[in-house]
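Inspection log for the structure reproduced underneath, given as structure tokens.
The values are calculated or read from the model by the stated rules, or taken from the named source; none is laboratory data. Just so it is clear, the model here is predicted, and its values are computed rather than measured. Positions of Cβ are backbone-derived with ideal geometry, glycine not excepted, and every protein chain shown enters the neighbour counts. Quick note on the areas: whole protein, heavy atoms, side chains included, nothing else; ligands and nucleic acids left out. Shrake-Rupley method; radii C 1.70, N 1.55, O 1.52, S 1.80 Å.
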Amino acid sequence: KAKKQFFGLVFTEKNISVNVIETIKEFLEEGCIHNHCVFTNEYYKKQNSLILSAKVNGVHAETIQVSLENLEILQSRGKGNKATKYNKEIIKLVNKNLPQIRARIKIACYQKKPGLSTWLSFCLTQKVKLFFVLLNNTFEY
């Protein structure tokens with residue numbers, strides 16, 4: 001739920017589609033399919049990472065970790081934690097769509113009424129112009 005602003009996000013090009021992993025069950029399935037640690041290392045708890053699933057022709061290919069702080073791909077791995085033959089294409093597709101992720105971060109920062117300093121810090125790392133938010137009285141303390 002912490003990353004619900006990213007739910008429904010899908011990037012598609014030719015035979016490759018990439019979507020956000022939304023549920024813990026999907027993390028478990030992804031880890032089992034690829035035999036890697038996306039579930040066992042609890043990537044769903046990593047606040048500053050967005051985890052995506054890439055499919056080629058509808059078949060699971062790789063799991064992608066994107067840093068929400070730097071908006072860069074940290075890793076993209078398939079079965080056995082190895083890159084597939086589609087790795088470069090998958091990375092290219094995700095990189096091409098990073099602006100969509102940034103847009104959802106900004107929207108969430110503007111709409112959120114943070115009670116925790118962590119959310120404010122997160123928004124600041126995204127270089128969001130928070131003074132507009134303050135002017136609109138959307139913060140509650």
Could we say that Ile64 is under 14 Å from the mean Cα position of the chain (by Cα), open to solvent by 30 Å² or more (accessible area, probe 1.4 Å) and at pLDDT 95 or above here?
no
Write out, first by first residue and then by second, each pair whose Cβ atoms fall under 9 Å of each other, whose residues are 6+ apart or on separate chains, and whose first residue, in region 36-47, is touching a residue at least 60 places away in the same chain (Cβ under 8 Å) while the second is in a loop (DSSP other than H, G, I, E, B) and open to solvent by less than 80 Å² (accessible area, probe 1.4 Å).
Gln47/Lys3; Gln47/Leu68
What is the residue count in region 1-45 for residues that are surrounded by 16 or more Cβ atoms within 10 Å (Cβ to Cβ) and over 22 Å from Lys92 (Cβ atoms)?
11
Every residue from region 67-85 that is outside any loop (DSSP other than H, G, I, E, B), open to solvent by 10 Å² or more (accessible area, probe 1.4 Å), at pLDDT 95 or above and polar (S, T, N, Q):
Gln75
Restricting attention to region 49-61, the residues that are in contact with a Ser or Thr (Cβ under 7 Å, 6 or more places away or on another chain) and open to solvent by 60 Å² or more (accessible area, probe 1.4 Å) number exactly 1
Among Lys88, Lys25, Lys45, which is the only one that is out of contact with any strand residue (DSSP E or B) (no Cβ under 6 Å at 6 or more places or on another chain), within 23 Å of Arg102 (Cα to Cα) and at pLDDT below 95?
Lys45
